[in-house]
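Data first, discussion second: the structure below is written as structure tokens.
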Amino acid sequence: MAKRNTYFQDEVIERKIDIKQLGRTLRYVLPHKKVFMLVGALMFVSSFAALIPSLILKQITDVVIPTKEYAQLAYMVLSMVLLAVLEISITFAYSRLMGKTGHSIIAKIRQDIFYKLQELPFDYFDNRPNGKIVVRVTEYVNGLGNFFTNFVMMFVIYIIKIVVVTVLMLMLSPRLTAIVFATVVPMMICVFTLRYSIRKLFGEHRAKVSNRTAFLVESIMGEKIVKNYNRAEMNEEIYKEVHDASLKQWTKIYLRNELNTPIVEFFWNIGTLCLYGVALGMLLNGDSMINVGLMTTFTAYMSQFSGPLTMIAFIIQNLAQVSSNLEQVFDTIDYPVSIKDMEGSQELKDVVGKIDFNNVTFGYDEGVNILEHFDLHVKKGETIALVGPTGAGKTTVINMLTRFYDVQEGSVTIDGKDVRDVTLASLRKEVGVLMQDPFIFKGTVMENIRYGRPDATDEECIAAAKAIYADKCVDKLKDGYQHMLDERGEGLSAGEKQLISFARIILKNPAVIILDEATSSIDTETENLIKQALDVIIKDKTAFIVAHRLSTIRNADRILYIANKGIAEQGTHEELMAMKGLYYALNV
């Protein structure tokens, strides 16, 4: 297991444009290729329509006004109006198309990353704060959506516009065009240099935002602990620190970005002065090509030439940011799914409940084993209790059985079938796990009980609740089984939440039941209710119980004391107490 990244550690920042990552987006774009071709054609027409009015204005200035052909002037003005309407209409049309298409592309990327999160092994989540996973699915993907919607086709059309404007300027006056290039080239060198420096800052800002989100999510999830331990003020200081780090980077970006306008205006004014200066010199030398219409048109084209170049610099900056975001998004999408159905996996059916751990070795971190050469053989219907110090490997044992993690050496079998050779769906259907901290989803009580069996009837859900006396707490709720529960079961006691999770497992009715500290958070009264139901729940089933309470494990068929990477002691409660060893020390 890799070292866990935390809210105060920056993620790796990739500052270069990764063509490979951008190329991977083609598989999301290609299904919409017809739309992109149509949008490209519309953009080309729109851009061409935007360039014609300057030529018409030149004709008005050079021909219509001197000859006072006002009828022709009316037609030309009408033509300019129609061209403006055409440009606006086409721009509206392709903006709608790109907006819809861009969001469709992002919806597919967001869907893929969410689907992948459902498949990823536990080590992926163990190594990253929840907030840093959330920011990839939300903020990074939102940034991609903005790019695909606004900039992809604009980049292409700006290139086309620059080429067309250059051709038009050369046709009007090669010498004046040279003046424009002499001004624009140094301007773009300055703009691209500025954008490159901003691009680097964006990568650093992204890492700081990820840190801030990670701390925010962590604080929300641990809100009660924060308040109980009077950590509110300290958390405010930490949040201020991570927020200020993000704000500091954003301020640098903002201040540097503000330099863009002065740079462009400076070179624009210099270019305009040079343009008119050269034109005046040409006019004094008797150049008949120089007139008001030419200068007006050329000035307009100079603006239409430099504007797209500036926007291209901005898009390239965004392209680098998008490339960096894509790296993080594809890092999740590409993360290897080590826990998956193997080729030729079979359904696990008609489970008897015979379980064997054969010479199992496992460690979460490389070179640090939790279990070594672990052997355990459990008969059908046997109840096994696991006790021992924290971190000794009790939960690791059940993680191997459920394939939350795979063994590194050896094997775990159910009825002689290696758990790696059966489908995950059938394995987890037959192996039910009850955790110490039951998760209650936002929804009704009935929906939470039915979570593991969506096809279960209301009557079956109610019967499951009655089996472990959960109906006693459900009846107290305003709307009973249709009572809407808040996120994480807010408003319910720990015991009530655990009872609902117990009803959920009874309805699922697995062949093997695992209780991982599942009664440690329950009050004595609720525990007494559950103790009455436990005998019914595990009857004729193989059960594993990880617990500290003696009352929960006293009647287990075997109690295993897990320590020193294996089984240190095993036997019944009476046998272990008589040994006066490690287990005995827990109970005196």
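The values are calculated or read from the model by the stated rules, or taken from the named source; none is laboratory data. Quantities reported herein were computed from a predicted structural model and do not represent experimental measurements. With ideal geometry, Cβ positions are generated from the backbone for all residues, glycine too; neighbour counts draw on all protein chains shown. Accessible surface is based on the protein model in full, side chains and every heavy atom, while ligands, DNA and RNA are left aside. Shrake-Rupley method; radii C 1.70, N 1.55, O 1.52, S 1.80 Å.
Worth a mention:
This table checks each residue for (1) closer than 26 Å to Gly393 by Cα; (2) at pLDDT below 75; (3) open to solvent by less than 20 Å² (accessible area, probe 1.4 Å); (4) not in a helix (DSSP H, G or I).
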{"residue": "Arg488", "(1), (2), (3), (4)": "no, no, no, no"}
{"residue": "Glu496", "(1), (2), (3), (4)": "no, no, no, no"}
{"residue": "Ile506", "(1), (2), (3), (4)": "no, no, no, no"}
{"residue": "Leu515", "(1), (2), (3), (4)": "yes, no, yes, yes"}
{"residue": "Ser521", "(1), (2), (3), (4)": "yes, yes, no, yes"}
{"residue": "Leu529", "(1), (2), (3), (4)": "no, yes, no, no"}
{"residue": "Val536", "(1), (2), (3), (4)": "no, yes, no, no"}
{"residue": "Phe544", "(1), (2), (3), (4)": "yes, no, yes, yes"}
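- Test result for Ser210, crowded, with 18+ Cβ neighbours inside 10 Å and more than 30 Å from Thr310 (Cα to Cα): no
- Restricting attention to the range 450-459 and to residues that are assigned to a loop (DSSP other than H, G, I, E, B) and charged (D, E, K, R), the residue that is surrounded by the fewest Cβ atoms within 10 Å (Cβ to Cβ) turns out to be Asp455.
- Every residue from the range 425-449 that is in contact (Cβ under 8 Å) with a residue 40 or more places away in the chain and open to solvent by less than 30 Å² (accessible area, probe 1.4 Å): Ser426, Leu427, Val431, Gly432, Leu434, Pro438, Ile440, Gly443, Thr444, Val445, Asn448, Ile449
One line per residue, one yes/no per condition, for (1) within 18 Å of Pro308 (Cα to Cα); (2) under 44 Å from the mean Cα position of the chain (by Cα); (3) crowded, with 19+ Cβ neighbours inside 10 Å:
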site: Met80; (1), (2), (3): no, no, no
site: Lys100; (1), (2), (3): no, yes, no
site: Ala107; (1), (2), (3): no, yes, no
site: Phe114; (1), (2), (3): no, yes, no
site: Leu117; (1), (2), (3): no, yes, no
site: Val141; (1), (2), (3): no, yes, yes
site: Asn146; (1), (2), (3): no, yes, no
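- Number of positions in the range 323-348 that are within 21 Å of the chain's Cα centre (by Cα) and of a type in the set (Gly, Ala, Ser): 3
- Among the residues here, Val156 does not qualify as in a helix (DSSP H, G or I), open to solvent by less than 10 Å² (accessible area, probe 1.4 Å) and among the aliphatic types (A, V, I, L, M).
- Condition met for Ile290 (within 30 Å of Gln59 (Cβ to Cβ) and either modelled with pLDDT of 85 or more or in contact with a strand residue (DSSP E or B) (Cβ under 7 Å, 6 or more places away or on another chain) (or both)): no
- Filter result for the condition that a residue is touching a residue at least 24 places away in the same chain (Cβ under 8 Å), assigned to a helix (DSSP H, G or I) and surrounded by fewer than 19 Cβ atoms within 10 Å (Cβ to Cβ), over Lys252, Lys240: Lys252
- Apart from one condition, Asp471 fits all of (1) out of contact with any strand residue (DSSP E or B) (no Cβ under 7 Å at 6 or more places or on another chain); (2) modelled with pLDDT of 90 or more; (3) farther than 30 Å from Phe357 by Cα; (4) surrounded by 18 or more Cβ atoms within 10 Å (Cβ to Cβ); the exception is (2).
- Residue count, the range 397-419 (criterion: in a strand (DSSP E or B) and either touching a Phe, Trp or Tyr at 6+ places or on another chain (Cβ under 6 Å) or not polar (S, T, N, Q) (or both)): 6
- Flag if Val39 is open to solvent by less than 70 Å² (accessible area, probe 1.4 Å), of a type in the set (A, V, I, L, M, F, W, C) and at negative phi: yes
Here's the yes/no breakdown for (1) closer than 19 Å to Arg27 by Cα; (2) of a type outside the set (Asp, Glu):
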position	(1), (2)
Met98	yes, yes
Lys116	yes, yes
Asp123	no, no
Asn127	no, yes
Thr149	yes, yes
Ile159	no, yes
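- Residue check, Phe48 in contact (Cβ under 8 Å) with a residue 12 or more places away in the chain, within 30 Å of Gly203 (Cα to Cα) and not β-branched (Val, Ile, Thr): no
- For the range 364-393, the candidate set comprises residues that are open to solvent by less than 40 Å² (accessible area, probe 1.4 Å) and on the phi > 0 side of the Ramachandran plot; within that set, the residue that is nearest to the chain's Cα centre (by Cα) is Gly393.
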